[in-house]
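None of the figures in this text is laboratory data; all of them are computed from the coordinates on show. It should be emphasised that the depicted structure is a prediction, and the values quoted were computed from it without experimental measurement. Every residue, glycine among them, receives a Cβ derived from its backbone with ideal geometry; neighbour counts consider all protein chains shown.
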Amino acid sequence: MAQKDDKVGICGISRQPDGKLKVRFAKKDIVNRIKVLNREGHTDIELFELGTEMEKYDAVKAISTMPQFQNAHAQSVIAEYLEEKAPKAPKAAKAEAAATTEAEAQTA
């Protein structure tokens, strides 16, 4: 499985043995990834070769528009992943924005 900062070439979803649908990634070998998921008891495995390596967040955004991931369950798990992993604003930018808002409130 790919590490946190690694780029991936394969992205998709699978249903874990406990029934929970989850986003899945792999670097290059889709066949081995499917074998591992099957061996671990996963079902409903839908993986897609992206054609180019990309960050995990971008890979999930890419599959979100593909026809095979348009069902309600897939869209739900994709949206959940994107919300959870959305890039956060740097703390300095947040502090600057708060100071600007506070200054604007004082002048009004």
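Taking the convex hull of the alpha carbon positions in the range 1-59 and averaging its projected area over all directions gives 3.7 nm². Where does the charge balance sit around Asn32 when Lys and Arg score +1, Asp and Glu -1, over other residues with C-beta under 15 Å from its C-beta? Charge balance near Asn32 sits at +3.
Listed cross-link partners Lys28/Lys88; Lys35/Lys88; Lys56/Lys88; Lys27/Lys85 are compared with a 24 Å cut-off, the Cα-Cα value being larger for Lys28/Lys88; Lys35/Lys88. Placing dummy labels 7 Å off each Cα toward the beta-carbon, the span from Thr65 to Lys28 is 2.8 nm.
Modelled spin-label separation between Ile45 and Glu80, with each label point placed 7 Å from Cα along the Cα-to-Cβ direction: 2.1 nm.
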